[in-house]
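Heads up: the structure comes next, in structure tokens.
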Amino acid sequence: MRMFLISAAAAIGAAGAARAEQVWVTMDQVAPYEFKQDVDQIVVGNPGIADITVRDKSKVLIFGKAPGVTNLFLFDADGKEIDNLIVRVRSVSAEMLTFQRGGQRATYNCMTICEPTITVGDNNETFGAVNQQVLQKFQQATNQGGQVE
């Protein structure tokens with residue numbers, strides 16, 4: 001019985017130690033995050049889901065790129081692991097409307113009027129057309145002309 005209690009206590013302690021902190025970010029938005037201590041190096045598990053912009057040694061901005069889960073491994077100046085931060089990216093809010101036609105999907109942002117938007121998982125035709133327009137708009141805004149090759 002004593003051995004069982006020691007094993008159970010060890011298992012509970014290990015489960016608590018393995019529990020990583022989590023942060024939720026909405027897709028296509030940025031969330032500020034402050035670490036508990038200064039960080040020297042950050043490794044992003046899957047930059048296709050979330051990425052970061054470093055503000056200083058204790059603050060980052062986390063950008064949600066696509067729905068899913070990834071993590072940030074944090075290291076100090078000596079290369080020792082500080083933390084493993086779980087980053088969960090959720091889809092956008094209630095203003096989004098998704099049309100499903102068989103296996104084809106298209107997503108619209110309906111804040112005032114419904115307009116097509118780029119969303120991972122949409123059919124290639126809609127995604128490609130909207131993406132092309134967004135790229136052209138960006139190039140115009142940055143004085144690179146409206147032509148996309």
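The stretch 27-47 and the stretch 59-119 have their alpha-carbon centroids 14 Å apart.
Take every pair of alpha-carbon atoms less than 8 Å apart whose residues are at least six positions apart; their mean separation over the length of the stretch 96-141 yields a relative contact order of 25 percent.
Evaluated on the stretch 20-90, the Kirkwood hydrodynamic radius is 11.9 Å, with distances taken between all distinct Cα atoms. Rounded, prolate or oblate: which fits the stretch 96-141 when a ≥ b ≥ c are the square roots of the eigenvalues of the alpha-carbon gyration tensor, with rounded for a/c under 1.5 and prolate only if a/b beats b/c? Since a/c reaches 1.5 but b/c is at least a/b, the shape of the stretch 96-141 is classed as oblate.
How much net charge surrounds residue 36 when only other residues with a Cβ under 10 Å from its Cβ are counted (Lys, Arg +1; Asp, Glu -1)?
Neighbourhood net charge equals -4.
Just so you know, the Rg over Rh for the stretch 28-149 is 1.07, from Cα atoms, with Rh as the Kirkwood radius.
None of the figures in this text is laboratory data; all of them are computed from the coordinates on show. Computed from a predicted model, the values in this text were never measured in an experiment. Heads up, the Cβs are rebuilt from the backbone with ideal geometry, glycines too, and the neighbour counts pull from every protein chain shown.
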